[in-house]
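Visitor: I'd like to ask some things about the structure below.
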Amino acid sequence: MSARLHLARLAGAASIQDGGRRGHLRFGLSASGPMDPLAFAAANRLVGNGPDAAALELGLAGARLRVEGGAARLALAGAPSGLRLDGDPLAAHRSFILREGAELTVERPREGVFAYLAVAGGLPVPAVMGSRALHQRAALGGLDGRPLHEGDRLPLAAAPMGEADHALDPVPLDRDAPVRVVLGPQDDHFSQAGLATFLKATFTVSNRADRMGYQLDGPEIAHGSGGFNIVSDATVAGSVQVPGSGRPIVLLADRQTTGGYPKIATVISADLRRIAQRRPGEAVRFAAIDLAAATRLARDAAARIAALGSRLRPVEGEAERLMAANLAGAAVDALRAED
């Protein structure tokens, strides 16, 4: 029997994602792919995969996993989550081997939303239209076109087990930083007061948030004299639509490809992960930048992903690195901390 990854327990949303299904917007199909591309790539690089290999995306999810019929090298990156191997604590952002008969526990994240569990060799589920990424509304990709369920068994690719384990610095979530946008393409459909509200107010992520988009709560954004309807045109990941309610909606990985509401701004690609990692009730502020700055930041983000492989450290050196960091200097009295 070939090795399989058994989801013995799953509490929350989980799917298989890869780098995304590119080139199908003209057919009304968005790319899907990871909500946090940097954390996704970090998990993959830790186990020796390319940055776009198929992996598990866990959205506010906890899980217990076992390997059947072999062993596998895994790594978790993204939203900080407790990790245990047969009950013993294990650090995230490092690779490790899960052997047959052992159990891995991933706890719900303490902050953020999305964590990524990568497996050496990727997850060889069938590709659909060139990608293994789940697009739930289209029932394409993933495992049989659906999210993962408790009890699922996922095929594992044959991958060498002889390489050493590696670690990376944790990927920061940037959840308190403003989300940078380029205004438009329909910012002229809003009053000056509406534009000022968008850029100066603090919004919160509503409960109406999923991989398709996040609706934000907060003050209403006033449209201009032209109203809130336009002839439907194309959307991109990061489009900020404002329907008649005046509440902005940030479109994300599984978005619709066209829309008939004016788009006040577009979240820059480098900051899509910044908003995706915010939970319902958490604050969102926007800051406008120009196209040249957005382009530079997109290139910087791509370079950061490309450089992950060169930043891997052997796990054997982690103890010495932590000792050198003098972590004890930041210790506090636990009893006083409760006062």
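The values are calculated or read from the model by the stated rules, or taken from the named source; none is laboratory data. This structure is a prediction, so every number in the text was calculated from the model and none was measured. FYI the Cβ positions are ideal-geometry reconstructions off the backbone, even for glycines, and counts take in every protein chain you see. Just the protein is used for accessible areas: all its heavy atoms, side chains included, with ligands, DNA and RNA removed. Shrake-Rupley method; radii C 1.70, N 1.55, O 1.52, S 1.80 Å.
Visitor: If you build a Gaussian network model of the chain, linking Cα atoms that sit under 10 Å apart, which residue out of Ala54, Ala92, Ala293 swings the most?
Guide: Ala293
Visitor: On full extension of the chain, what length is gained from Asp176 through Arg146, given 0.36 nm per residue of separation minus the C-alpha to C-alpha distance?
Guide: 7.5 nm
Visitor: Given only helices, namely DSSP H runs of n ≥ 4 each adding -39500 (n - 2.57), what is the per-residue ellipticity at 222 nm of the chain, to the nearest 500 deg cm²/dmol?
Guide: Computed mean residue ellipticity for the chain: -4000 deg cm²/dmol.
Visitor: Using a 10 angstrom cutoff on alpha carbons, build the Gaussian network for the chain and name the most mobile of Gln215, Gln192, Gln256.
Guide: Checking each option, the largest mean-square fluctuation is seen for Gln192.
Visitor: Collect residues whose amide H, placed 1.01 Å from N in the peptide plane, falls under 5 Å from the amide H of Asp152; neighbours closer than 5 in sequence don't count.
Guide: Leu7
Visitor: Just want the answer: with Cβ charges of +1 for Lys and Arg and -1 for Asp and Glu, which residue in Pro314, Gly141, Ala196 is farthest toward the dipole's positive end in the chain?
Guide: Gly141
Visitor: While we're looking at this one, here's another question. Leaving out ligands, DNA and RNA, what percent of the accessible area of region 1-158 is carbon and sulfur, probe 1.4 Å?
Guide: 49
Visitor: On average, how much accessible surface per residue is there in region 12-78, in Å², for a 1.4 Å probe, leaving out ligands, DNA and RNA?
Guide: Here the residues of region 12-78 average 27 Å² of exposed surface.
Visitor: Moving on. Quick one: among Glu316, Glu220, Glu57, which has the greatest mean-square fluctuation in a GNM of the chain with alpha-carbon springs under 10 angstrom?
Guide: Glu316
Visitor: If contacts are Cα pairs under 8 angstrom and at least 6 residues apart, what is the relative contact order of the chain in percent?
Guide: 19
Visitor: Here's a follow-up. So what J values fall out for region 106-118 if you push phi through Karplus, 6.51 cos²θ - 1.76 cosθ + 1.60 with θ = phi - 60°, rounded to Hz, Gly and Pro as x?
Guide: 10, 7, 4, x, 6, 8, x, 10, 9, 10, 10, 10, 9
Visitor: Please report, to one decimal in angstroms, the Kirkwood hydrodynamic radius of the chain built from all distinct Cα-Cα pairs.
Guide: 21.1
Visitor: Pairing the Cα long axis of helix 37-46 with the longest principal axis of the chain, what angle in degrees results, from 0 to 90 and rounded to the nearest 10?
Guide: 10
Visitor: Under a crude label model (7 Å from the Cα following the beta-carbon direction), how far is Glu68 from Arg22 in nanometres?
Guide: 3.6
Visitor: Also, quick follow-up: Report the full-extension gain for the segment Gln192 to Ile230: residue separation times 0.36 nm, less the Cα-Cα distance, to one decimal in nm.
Guide: Separation in residues times 0.36 nm, less the Cα-Cα distance, equals 11.8 nm.
Visitor: Sequence-distant or interchain residues sharing an amide H contact under 5 Å with Ala75, placed H: which?
Guide: Under 5 Å from the amide H of Ala75: Ala118.
Visitor: Once label points are set 7 Å from the Cα along Cα→Cβ at both Glu107 and Gln256, what is their separation, rounded to one decimal in nm?
Guide: Here the answer is 4.1 nm between the modelled labels.
Visitor: If I model a spin label at Ala307 and Ser2 as a point 7 Å from the Cα along the Cα→Cβ vector, what separation in nanometres do I get?
Guide: Roughly 3.8 nm, to one decimal.
Visitor: Gain in length, Leu199 to Met129, computed as 0.36 nm per residue apart minus the alpha-carbon separation, to one decimal in nm?
Guide: Length gained between Leu199 and Met129: 21.3 nm.
Visitor: Also, I was wondering about something else. ³J(HN,Hα) across region 88-93 via Karplus (A = 6.51, B = -1.76, C = 1.60, θ = phi - 60°), whole Hz, x for Gly/Pro?
Guide: Going residue by residue, I get 8, x, 9, 6, 7, 6 Hz, with x marking Gly and Pro.
Visitor: Right, something else. Using each residue's phi in region 68-83, evaluate 6.51 cos²θ - 1.76 cosθ + 1.60 at θ = phi - 60° and report the 3J(HN,Hα) Karplus result to the nearest Hz, with x for Gly and Pro.
Guide: 10, x, x, 9, 8, 8, 10, 7, 10, 9, x, 3, x, 10, x, 9
Visitor: Using the Cα centre as the reference, give the magnitude of the dipole from point charges on the C-beta atoms of region 158-224 (Lys, Arg: +1; Asp, Glu: -1; all else neutral), rounded to the nearest 20 debye.
Guide: The calculation lands at about 260 debye.
Visitor: Moving on. Return P(r) of region 104-215 (all Cα-Cα pairs; 10 Å bins starting at 0; whole %; ordered from short to long distances).
Guide: Over region 104-215, the share of Cα pairs per 10 Å bin runs 9, 26, 30, 22, 11, 3, 0 percent.
Visitor: Sticking with this one: At 1.4 Å probe size, with every protein chain present, just tell me what the per residue accessible area of region 92-173 comes to in Å².
Guide: Computed with neighbouring chains in place, this is 45 Å² per residue.
Visitor: Something else now. Okay, which of region 234-248 sit inside 17 Å, backbone N to the point 7 Å along the Cα-Cβ direction of Ala293?
Guide: From region 234-248, the list is empty.
Visitor: Which angle from 0 to 90°, rounded to the nearest 10, does the C-alpha axis of helix 291-306 make with the longest principal axis of the chain?
Guide: Approximately 10 degrees, to the nearest ten.
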